[in-house]
Each structure stands twice: as C-alpha cells, then as structure tokens.
Amino acid sequence: MINAKMIARIMGALFFIEAGFLILCSFLAVYYNESDISAFLYSAAITAGAGSIAALAGKNAEKRISRRDGYVIVTLAWVFFSLFGMLPFYLSGYIPTITDAFFETMSGFTTTGASILDNIESLPHGLLFWRSMTQWIGGLGIVFFTIAVLPIFGVGSVQLFAAEATGPTHDKVHPRIGVTAKWIWTIYLGLTITEIILLVAGGMNFFDSVCHSLTTTATGGYSTKQNSIAAFNSPYIEYIITLFMFLAGINFTLLYLLFLKGNFKRLFQNTELHWYLGTVGFFTLFTTVTLIFTSPFSIEESFRKAIFQVVSLQTTTGFISADYMTWVPVLWTLMCIIMLFGACAGSTTGGIKCIRIAIMSRVSKNEFKHIIHPNAILPVRINRQVISSTTKSAVLAFIFLYMAIIFIGWLVLMLFGVGFEEAYSVVISSLGNVGPGIGKCGPSYSWNGLPDAAKWISAILMLIGRLELFTVLLLFMPSFWKKH
C-alpha cells in the first residue's frame, strides 16, 4: 500500500523549502526596489500554506517509505515545485498565461533551459534570479537536495535516491545516503562559488556571474541575456563557462574523489569518463575543422565556438555562443546527434548518458564474437566490474523506450501543427533536457511560437526525461497501484 500520510508529510516539508527560496528572491526585489516583491511574497505564502495543509495531513505518519512511495514522492515533488514555482512569473504579470508560466518553470527545474521569453532583459532581478535558482535546485535533484538538509528523510532515503538519481547504477561516497548527499552538494556549491569568482574576474558583473554560475553548474542554460553567452562577446567568459559545463558533466562521485580525496587513479580509469572525453573530443574536432573551411572564423575562434557548443549541447546545458543555424547543414544534424548523447551518469546532465552507450557498445561487440564463438562466455566489464544481465536489460529497455518516446512525441507535435524539423528537435531537446533546437526553435528563437498543446507536451517530456523515463511512466502502470 502507498503510505499516503508519509508522502503528505514529506511533500509538506518540500513546500516549506520552496517557500524559503521564494522569500530569498523577494530580498532581491527589495534590494533593487522592483515591482515583483508582492508576487514573491504571495507565492511564498501560498506555497507555505500548502505546506502546512500537507504537514497536517501527514501528522502521525508511519515512518516507512517503500520503493513505490519513493517514485510517487519524487514525481509529485517535481510537478508541485513547478506549479508553485510558476506563481512569481504569473502573479507578477511578466508571463501572463498559466501555460507559459508552467512551461518556463518546468524547463527551469528540469534544467532544460528552453524559454518562451522574447525579452529576457525586461524581467526584474528577482525573477531572473528565480529562473537561475530553479535550475540550481533541480540540477542535482529537488529531493536529493532535501535529503542533504532534512533529517526527515532518514527513513527511506535510499528509495528516494534511487527514484531520482540518474544512470543505470548509483554510486555512493558513504554508506549513508544523507552523508553522500551532503558531500556531493558540497562539491556542487564549491564549483558554483569558484565559477562566480572567475566570471567576476573576467569582467562580468556580480549578479550576472551568480546567475550564470548557478545555471552552468546545473547544466541548465538559463541566461540573463536574450542572446545567451554570445551577448558578452568575451573569449575568456566562453572558455570559463565551457570548463565548468564540462566539469558539471562528470559524475559527481568522481569529482568528490578527485577534489576531496585526491584520487586521480579512479578518475582516469573510469570507462564512462573515457567515453565522455572521447565523444567531446571527436565532435569538437569535426566541428572545428568544418568551421575552418566553411565559415569566416579564424582557427582559434572556430575551435572556441566548436568546443563551447559541443560541450554545451552534450552536457545538455544549452548555452549559446553562436547561432549554429548559420553554420553548414551538416553541423545542424551533428548538433542534434550530440543532444542525444548526454554526459555522465551521476551528473546534472540529461540525455542517454555515456555509460549506457558504453555498455551497449560492448554488448554489441560481444555479439560479433558470439557469432564466431557460440559457446564462449563473454562478460561485459565496465570499470573492471562485470555488468549484470539485469543492468544490461535495463539499459536496453531505456534506450528502446527513449527512442520510442522521441518518435511518438515527434508525430504528436506535428499533429498540433509544429513543423517537421522543429518537432523533431523540440522532442529531442525536451526529453534530453537540452534547451535549444533547430529551425524556428533554434538558438536565435524562443519557443513562444509553439501551440499551447505543444508546450504542455514538451513540459511533460522534460519531466519524463529528467527523471529518466521509468520513475514517471511507472505511475501510469495499473500494476503499480495494486496492493501487492
């Protein structure tokens, strides 16, 4: 049975945390003396009120969380965080429709970065900071953040962690999930603060540095400028953001071992990291050479634009330093392929993830060997460990389902009047939590031109992709709700 009281109690705690973040943003509205202060205060009051009702409903809850409870809590947390998180946009009038406000907020929390805004600079500082904060909270996970700060999750933390964490396997730096969460959030915060300092040193103002650092570390891609990073026209800023996007694409367990334990050996022996480095290197080289021969860029600028855009799209950040739709068409296709890959499991990125691609490549290689040696036993090894048949099946199921959702979503969006190439890129971008697409949903455009139905579908795809398909889709299986 679903433990409804415990779910309500946990949801109440989550709502109070979100209300606290909304109040934090209201301080910026006061500091800059802007009109969005009332929107934040009303939003915080509504969210805290919902938290109080949920907490009362969860009074005297039995302190147990099953695996099914974990999936329900995680999915509800992301949906309700987006519903309450959209209130400042809607109540302030800067995003006047519920559809657009929900889309913008879901895009934020899932670190997708697609936006319906056509004039981002017109937003007050409080709303700009809230956009960035939604991505920073959602980067490592709403519930994962709460595990780190709230003792209420001492019971059932493993189930919640499993329901929200990315990748086919989940590494822990400590036997207790709460301690793991604290260490990983320490790394996350450390990367964010370091980037802020470096961006300020490069001439970016403090507010923009904070907002861009929040969204870089989260691999989210929301910018305070309509033209994204291209607006700053600074090679230094592009290189710094490229570096931190790349670091945020690495499994945070490996970053913990590197920065806090000094364990270089584990880092450089990691199979997934090899794939990540290899794919980024190959795509960057191909794009650089193509730009050198087909664009007016110099060699250095070709390399800089190439590595920035490749890292941005492979880490599913979605920042833009150049409009790749002005490049030759072969690079448009390449950008869409890069969106599918993703970076490492256990990072803040979306997409399929390099670990799954590595496992499937080795399974495929073994199939060729089996044809030649039918009786041979050929285990698949990743990081010198044999991958179980259960994990291989889960990876195969994930990739099949991922591709099936892309094709179904593509057809559905075209039914609602979205163009052929736009529909394809919107689905890949939404499911992979990337941000920009191609065509009229490319880097120079917002997604405001999409029909409302397409925006809701895209928002749902963002949620499904961020929670790695099964967590959300399980809730629609009748067997999930059966008593036994």
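The values are calculated or read from the model by the stated rules, or taken from the named source; none is laboratory data. A quick note: this is a predicted structure, and the numbers were derived from the prediction, not measured. Cβ coordinates were reconstructed from backbone atoms using ideal geometry, including for glycine residues, and neighbour counts include every protein chain displayed. Note: accessible area is taken over every heavy atom of the protein model, side chains too, but ligands, DNA and RNA are not part of it. Shrake-Rupley method; radii C 1.70, N 1.55, O 1.52, S 1.80 Å.
Observations on the model:
- The eigenvalues of the Cα gyration tensor, multiplied by 5 and square-rooted, give the stretch 1-117 an equivalent ellipsoid with semi-axes of 29, 17, 10 Å from largest to smallest.
- Taking every DSSP helix (H) stretch of at least 4 residues in the chain, weighting each as -39,500 (n - 2.57) and dividing the sum by the residue count yields a mean residue ellipticity at 222 nm of -21000 deg cm²/dmol.
- Solvent exposure ordering (accessible area, 1.4 Å, most first) of Phe232, Phe476: Phe476, Phe232
- Evaluating 6.51 cos²θ - 1.76 cosθ + 1.60 at θ = phi - 60° for every residue in the stretch 127-140, the Karplus couplings come out as 6, 4, 5, 5, 4, 5, 5, 4, 6, 5, 5, x, x, 8 Hz, glycine and proline recorded as x.
- Taking every protein chain into account, the accessible area of the chain amounts to 41 square angstrom per residue (probe 1.4 Å).
- Once C-alpha pairs closer than 8 Å and six or more residues apart are averaged by separation and normalised to the residue number of the chain, the relative contact order reads 17 percent.
- Whole-percent carbon and sulfur share, accessible surface of the stretch 169-273, 1.4 Å: 62 percent
- Largest accessible area first, the residues Ile372, Ile292 order themselves as Ile372, Ile292 under a 1.4 Å probe with ligands, DNA and RNA left out.
- Fully extended contour minus Cα-Cα distance, from Met1 to Glu62, at 0.36 nm per residue: 20.7 nm
- At the residue level, Arg64 shows approximately 90 square angstrom of accessible surface with a 1.4 angstrom probe and all protein chains present.
- When the listed pairs Lys265/Lys392; Lys182/Lys455; Lys63/Lys392; Lys365/Lys440; Lys261/Lys365 are checked against a 31 Å cut-off, the alpha-carbon distance exceeds it for Lys182/Lys455; Lys63/Lys392; Lys365/Lys440; Lys261/Lys365.
- Overall size of the stretch 333-484 from C-alpha positions, given as principal axis extents largest first: 56, 46, 28 Å.
- Option label - Rg/Rh (Cα atoms, Kirkwood Rh) computed here, alternatives [x] 1.05; [y] 0.98; [z] 0.96: [z]
- One Cα centroid belongs to the stretch 310-380, the other to the stretch 29-60; the line between them spans 41 Å.
- Karplus (6.51, -1.76, 1.60) ³J(HN,Hα), θ = phi - 60°, over the stretch 409-421, in Hz, Gly and Pro reported as x: x, 4, 5, 5, 5, 5, 4, 8, x, 7, x, 4, 6
- Ile382 long-range amide H proximity, modeled H, under 5 Å: Ile387
- When the solvent-accessible area of the stretch 336-484 is split by element, carbon and sulfur atoms take up 68 percent of it, the probe being 1.4 Å.
- Dipole magnitude (debye, nearest 20) for the chain, charges at Cβ of Lys, Arg, Asp, Glu: 2220 debye
- Karplus-derived 3J(HN,Hα), 6.51/-1.76/1.60, for each residue of the stretch 21-33, Hz, glycine and proline x: 5, 5, 5, 4, 5, 5, 5, 5, 4, 5, 4, 8, 6
- Net charge of Cβ neighbours under 15 Å - reference Ile438; Lys, Arg +1; Asp, Glu -1: -2
- Once you reduce the stretch 260-276 and the stretch 65-84 to the center of their Cα atoms, the two points are 33 Å from each other.
- The label point for Val200 and the one for Ile377, both projected 7 Å from the Cα toward the Cβ, are 6.0 nm apart.
- Taking all protein chains together and rolling a 1.4 Å probe, Glu18 ends up with roughly 0 Å² accessible.
- Nonpolar atom fraction for the stretch 1-147, defined as the carbon and sulfur part of the 1.4 Å probe accessible area, stands at 65 percent.
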